[in-house]
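Here the structure comes first, spelled out in structure tokens, and everything after it is commentary.
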Amino acid sequence: METADVTVREDAVLVGGPADGVRVVVAGRPRVVQVTYPCGVEGGPDGVRVEGVYVYRRVLGEEGEEGGAGRGVQYGFDVASP
């Protein structure tokens, strides 16, 4: 049984949502990447952190090609995710 080499790193771009246009480096072309954004906290106990969570899913183009039309690896914002 052959396994994918997850040590291969490549550039990808996030499309849409709060991180639109951000370029990232991914290893092994994960299906989903998660972006978090810190939120302010007032009146909470010491050490409490709150973060907004945004999910981006790998975009497949025609015939399963990554990103389609030679665009490389792209991740599109998933508005339906938590």
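The table that follows gives values for the structure above.
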{"read-out": "Those residues of segment 35-58 which are touching a strand residue (DSSP E or B) at 6+ places or on another chain (Cβ under 6 Å) and not hydrophobic (A, V, I, L, M, F, W, C), in sequence order", "value": "T36, Y37, P38, E51, G52, Y54, Y56, R57, R58"}
{"read-out": "Neighbours by Cβ (under 8 Å, 6+ apart or cross-chain): first from segment 35-62, over 18 Å from R23 (Cα atoms) and of a type in the set (D, E, K, R); second part of a loop (DSSP other than H, G, I, E, B) and open to solvent by less than 90 Å² (accessible area, probe 1.4 Å)", "value": "R49/V41; E62/G68"}
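The values are calculated or read from the model by the stated rules, or taken from the named source; none is laboratory data. Since the model is a prediction, treat every value here as computed from it, not as a measurement. FYI the Cβ positions are ideal-geometry reconstructions off the backbone, even for glycines, and counts take in every protein chain you see. These accessible areas exclude ligands, DNA and RNA; they are computed on the full protein's heavy atoms, side chains included. Shrake-Rupley method; radii C 1.70, N 1.55, O 1.52, S 1.80 Å.
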